[in-house]
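Asker: This structure is in structure tokens; I'll ask about it shortly.
The values are calculated or read from the model by the stated rules, or taken from the named source; none is laboratory data. In this text, all values refer to a predicted model and were calculated from it rather than measured experimentally. Every residue, glycine as well, gets a Cβ built from its backbone with ideal geometry; the counts of neighbours run over all protein chains shown. Each accessible area value is taken on the protein alone, full model and side chains, heavy atoms only, with ligands, DNA and RNA left out. Shrake-Rupley method; radii C 1.70, N 1.55, O 1.52, S 1.80 Å.
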Amino acid sequence: MSEGTIRLTTAQAIIRFLTNQFIVIDGQEMRLCGGGFGIFGHGNVTCLGEALYAAKEHLPLYRGQNEQSMGFAAAGYAKQWLRQRFMFCTASAGPGAANLLTSAALAHANRLPMLLLCGDTYVTRLPDPVLQQMENFGDPTFGVNDAFKPVVRYWDRINHPAQILQSLPNAIATMLDPADCGPAFLGLPQDVQGWAYDYPLGWFNKQVHRLRRQMPDAAEILDAVALLKTARKPMIIAGGGVQYSRAVAELTAFAEAHQIPVVETIAGRANMLATHPLNIGPIGVTGSNSANAIAAEADVILAVGTRMQDFTTGSWTAFSKEARIIAINAARHDAGKHMSMPVVGDAKLSLALLGNHLEGYTAPQSWVDAAKRHRALWDAYVVENVSPGNRPNSYAMAIGVVNALCDPRDRVVAAAGGLPAEVTANWRTLETGTVDVEFGFSCMGYEISGAWGARIAQAQQEPERDTIVFIGDGSYMMMNSDIYSSVLSQKKLIILVLDNGGFAVINKLQNNSGNQSFNNLLADCPTIAEPFAVDFAAHARAQGAIAETVATPAELGEAFKRAKAATKTTVICMQVDPYEGWTKEGHAWWECGTPQVSVDPAVVKAHQDWEASRPLQRKGV
């Protein structure tokens with residue numbers, strides 16, 4: 001450690017420390033923090049803003065349009081970098097910080113690193129109550145920023161400049177931990193940001209980080225091997241953790257060596273190519289007939305890097321009650337769910353060790369052949385489902401057009417409404433690691449903002465490729481201003497706005513539960529006297545994008561070719577039918593609260609039908 005000290009403000013010290021944190025990725029050393037997103041207010045402009053200006057060459061700061069969208073962009077950036085790099089978000093005190101709460105929750109649910117540097121009220125309390133302060137009469141220490149505690153993995157309020165000597169390294173360690181990874185929050189009181197302190201020079205020395213790979217316990221590996229060897233109908237569930245562990249090759253090699261069929265979660269889409277003979281398809285509520293068919297018969301299930309969300313498990317009805325589950329996960333909490341046999345460790349290391357001890361075992365050929373037949377039937381269904389024909393426009397048709405014309409390395413982003421299910425079911429993976437369906441928090445508005453962050457990262461890795469967004473009109477109306485951001489920052493996106501006249505997928509759920517259409521589609525809102533559609537193309541052009549509206553899948557294809565050739569963000573709009581064209585196959589049961597009593601016979605009947613599958617549910621085991 002270097003001797004001596006340097007006198008800096010708290011804000012200056014934070015930024016100086018961040019500029020000296022590095023990581024090696026594929027042999028290349030680069031900064032751990034790729035920069036940040038910021039909207040300045042009185043709570044962060046004078047002190048943190050001053051520090052960021054001095055570091056603008058090392059930590060580029062992207063000006064946000066909305067604090068929530070900044071957080072979504074940071075999440076998209078972290079996903080693209082497979083959690084190996086992160087961005088910070090800075091917002092002012094009060095409403096600016098509060099706007100980041102949803103973004104923090106999204107990062108927490110998806111286990112994504114994000115550093116939140118938010119203004120806070122004065123430690124001295126001398127000027128209280130200050131602008132945008134929420135006063136708590138019984139506890140003056142309790143403020144807006146305390147609301148972040150449930151939605152971050154690390155939280156601290158910096159009440160003295162010396163505190164960051166402990167807190168900032170702890171925040172970074174949390175974001176880099178495979179088990180605890182998630183957002184980290186530092187509340188920065190407006191006075192403390194500018195207070196000076198004599199910091200040890202050695203604290204700012206260059207530090208090169210690496211992601212920890214936890215070796216699994218030998219006994220847990222042997223237990224898993226013993227169980228796998230008894231399997232007559234084994235199946236692998238490949239989750240998003242496979243990609244974060246960078247274990248895609250190991251997963252494929254393990255499956256091939258032991259001839260075990262693989263199904264993918266939503267987060268695990270693009271773990272295997274669509275054409276791989278052992279890829280049996282996506283599993284669960286928004287999955288495929290093929291994956292759900294073998295899940296129902298499997299006797300031993302190897303779940304790798306998945307938190308077993310309800311859309312994966314069909315609310316725990318997708319598997320036989322007699323099936324045994326082995327869960328490989330870096331997080332103990334995920335490895336032990338539903339009495340799974342845990343293998344707590346890194347996916348890449350765990351699969352290699354399992355393979356070494358499982359030498360000589362292969363799944364029965366009859367089981368593998370049956371799984372492949374299921375997949376062939378599903379493939380045939382998808383081909384028909386995405387094909388244009390004498391029927392209304394659908395999400396699936398648009399997905400099929402783009403899938404046929406995109407580059408294999410282009411990245412696809414979707415998040416909420418009906419499109420996550422449609423992309424998961426119908427998209428055929430052309431290259432691994434190219435799909436981001438944000439369904440951990442399934443947050444409307446993530447699509448464009450998350451894609452902007454992903455494109456910033458993609459431009460650092462594969463600048464010649466594109467980031468493609470599938471978004472419905474409902475999500476577009478909630479958050480679209482990062483079209484403007486993408487144009488301003490010259491980070492091109494291709495955005496498909498598929499307009500079905502409102503919240504059509506929730507209207508479908510409403511109808512499926514016996515309810516009448518109400519307050520979802522614009523046409524079904526009693527408070528809307530004369531519904532009309534937004535001119536999304538004109539709106540996008542007003543934000544600087546190239547934009548056009550098409551009427552058919554054929555026109556969409558030609559527009560997509562023009563978008564590929566363009567050098568800036570392009571928005572393509574097409575109307576799709578809110579009732580016809582949904583993917584009707586590939587679903588598993590999903591537990592959804594329905595009324596036990598109602599005066600409407602249709603609601604009562606729907607409740608009875610819904611509950612008919614409950615006996616299949618595994619209750620805690």
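Asker: Would you pick out the residues in segment 554-582 that are of a type in the set (G, A, S) and out of contact with any Ser or Thr (no Cβ under 9 Å at 6 or more places or on another chain)?
Answerer: Residues satisfying the conditions are A554, G557, A565, A566.
Asker: State whether the residues of segment 191-198 include one that is touching a Pro at 6+ places or on another chain (Cβ under 7 Å), among the hydroxyl-bearing types (S, T, Y) and surrounded by fewer than 20 Cβ atoms within 10 Å (Cβ to Cβ).
Answerer: Yes, segment 191-198 has at least one match.
Residues are listed down the side, and each one gets a yes or a no for (1) out of contact with any helix residue (DSSP H, G or I) (no Cβ under 8 Å at 6 or more places or on another chain); (2) modelled with pLDDT under 95; (3) part of a helix (DSSP H, G or I):
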position	(1), (2), (3)
V192	no, no, yes
W203	no, no, yes
E220	yes, no, yes
V225	no, no, yes
I236	no, no, no
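Asker: Let me ask something else. Taking A545 as meeting all but one of (1) small (G, A, S); (2) at positive phi; (3) touching a strand residue (DSSP E or B) at 6+ places or on another chain (Cβ under 7 Å), write down the number of the exception.
Answerer: Going through the list (1) small (G, A, S); (2) at positive phi; (3) touching a strand residue (DSSP E or B) at 6+ places or on another chain (Cβ under 7 Å), A545 breaks only (2).
Asker: Looking only at segment 557-584, count every residue that is open to solvent by less than 80 Å² (accessible area, probe 1.4 Å) and farther than 16 Å from D410 by Cβ and tell me the total.
Answerer: Residues in segment 557-584 being open to solvent by less than 80 Å² (accessible area, probe 1.4 Å) and farther than 16 Å from D410 by Cβ: 9 in total.
Asker: Considering segment 516-540 alone, what residues qualify as being polar (S, T, N, Q) and either within 22 Å of F470 (Cβ to Cβ) or open to solvent by 60 Å² or more (accessible area, probe 1.4 Å) (or both)?
Answerer: Q516, N519, N520, T527
Asker: Can you list residue pairs whose Cβ atoms sit under 6 Å apart, with the first residue in segment 592-621 being aliphatic (A, V, I, L, M) and the second being assigned to a loop (DSSP other than H, G, I, E, B)? Count only pairs 6 or more apart in sequence or on different chains.
Answerer: Correct list of pairs: A602/G514; V603/G514; V603/P595; V604/S598; A606/S513; A606/G514; L616/T317.
Asker: Same structure, new question: What number of residues within segment 128-162 are in a helix (DSSP H, G or I) and either aromatic (F, W, Y) or closer than 30 Å to F441 by Cβ (or both)?
Answerer: 8
Asker: Checking L116 against (1) open to solvent by 40 Å² or more (accessible area, probe 1.4 Å); (2) touching a Cys at 6+ places or on another chain (Cβ under 8 Å); (3) within 24 Å of I164 (Cβ to Cβ), only one condition comes out false. Which one?
Answerer: (1)
Asker: Then there is this: When you go through A179, A219, A173 one by one, which is the residue that is farther than 22 Å from A11 by Cα, among the hydrophobic types (A, V, I, L, M, F, W, C) and open to solvent by 50 Å² or more (accessible area, probe 1.4 Å)?
Answerer: That would be A219, the only listed residue that is farther than 22 Å from A11 by Cα, among the hydrophobic types (A, V, I, L, M, F, W, C) and open to solvent by 50 Å² or more (accessible area, probe 1.4 Å).
Asker: Among I294, I260, which is the only one that is in a helix (DSSP H, G or I), of a type outside the set (S, T, N, Q), in contact (Cβ under 8 Å) with a residue 12 or more places away in the chain and touching a helix residue (DSSP H, G or I) at 6+ places or on another chain (Cβ under 8 Å)?
Answerer: I294
Asker: Here are some residues: T583, T569. Which one is among the hydroxyl-bearing types (S, T, Y) and either under 22 Å from W452 (Cα atoms) or out of contact with any helix residue (DSSP H, G or I) (no Cβ under 9 Å at 6 or more places or on another chain) (or both)?
Answerer: Answer to the selection: T569.
Here is a yes/no grid of residues against (1) surrounded by fewer than 24 Cβ atoms within 10 Å (Cβ to Cβ); (2) of a type in the set (F, W, Y); (3) within 14 Å of I326 (Cα to Cα):
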| residue | (1), (2), (3) |
| --- | --- |
| A226 | yes, no, yes |
| T230 | yes, no, yes |
| I237 | no, no, yes |
| I266 | no, no, no |
| L273 | yes, no, no |
| V285 | no, no, no |
| N292 | no, no, no |
| A298 | no, no, yes |
| A303 | no, no, yes |
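Asker: Here is a further query. Return the total of residues in segment 352-375 being farther than 22 Å from E220 by Cβ and either basic (K, R) or open to solvent by 80 Å² or more (accessible area, probe 1.4 Å) (or both).
Answerer: So the answer is 5.
Asker: Taking into account only those residues within segment 426-450 that are polar (S, T, N, Q) and buried (at least 24 other Cβ atoms within 10 Å of the Cβ), which is nearest to L100 (Cα to Cα)?
Answerer: Across segment 426-450, the extreme among qualifying residues is S449.
Asker: Quick check on segment 320-332: of everything there that is open to solvent by 30 Å² or more (accessible area, probe 1.4 Å) and either assigned to a strand (DSSP E or B) or free of Cβ contacts under 8 Å to residues at least 24 places away in the same chain (or both), which residue is farthest from G305 (Cα to Cα)?
Answerer: The selected residue is E322.
Asker: Can I ask one more? Please list, ordered by first then second residue, the pairs with beta carbon atoms under 7 Å, 6 or more apart or interchain, first in segment 466-479 and more than 17 Å from L522 (Cα to Cα) and open to solvent by 10 Å² or more (accessible area, probe 1.4 Å), second at pLDDT 95 or above and of a type in the set (G, A, S).
Answerer: Listed pairs, sorted by first residue: M479/S69; M479/G445; M479/S449.
Asker: Right, another one. Assuming A454 fulfils every condition listed in (1) in contact with a helix residue (DSSP H, G or I) (Cβ under 7 Å, 6 or more places away or on another chain); (2) assigned to a helix (DSSP H, G or I); (3) within 22 Å of F536 (Cα to Cα); (4) not charged (D, E, K, R) apart from one, which condition is it?
Answerer: Here A454 clears every test but (3).
Asker: Checking V423 against (1) in contact with a Lys or Arg (Cβ under 9 Å, 6 or more places away or on another chain); (2) under 26 Å from D577 (Cβ atoms); (3) open to solvent by 10 Å² or more (accessible area, probe 1.4 Å): exactly one of these is not met. Which one?
Answerer: Evaluating V423 over (1) in contact with a Lys or Arg (Cβ under 9 Å, 6 or more places away or on another chain); (2) under 26 Å from D577 (Cβ atoms); (3) open to solvent by 10 Å² or more (accessible area, probe 1.4 Å) leaves (3) as the failure.
Asker: Please work out if L8 is under 23 Å from V487 (Cα atoms), open to solvent by 10 Å² or more (accessible area, probe 1.4 Å) and among the aliphatic types (A, V, I, L, M).
Answerer: no
Asker: What number of residues within segment 155-164 are over 15 Å from I15 (Cβ atoms) and either among the small types (G, A, S) or touching a helix residue (DSSP H, G or I) at 6+ places or on another chain (Cβ under 8 Å) (or both)?
Answerer: 6
Asker: Of all residues in segment 131-144 being farther than 16 Å from W155 by Cβ and in contact (Cβ under 8 Å) with a residue 24 or more places away in the chain, which is least open to solvent (accessible area, probe 1.4 Å)?
Answerer: Looking at residues that are farther than 16 Å from W155 by Cβ and in contact (Cβ under 8 Å) with a residue 24 or more places away in the chain, I get Q133.
Asker: Looking at segment 598-615, can you tell me whether even one residue there is in contact with a Pro (Cβ under 8 Å, 6 or more places away or on another chain), part of a loop (DSSP other than H, G, I, E, B) and surrounded by 14 or more Cβ atoms within 10 Å (Cβ to Cβ)?
Answerer: no
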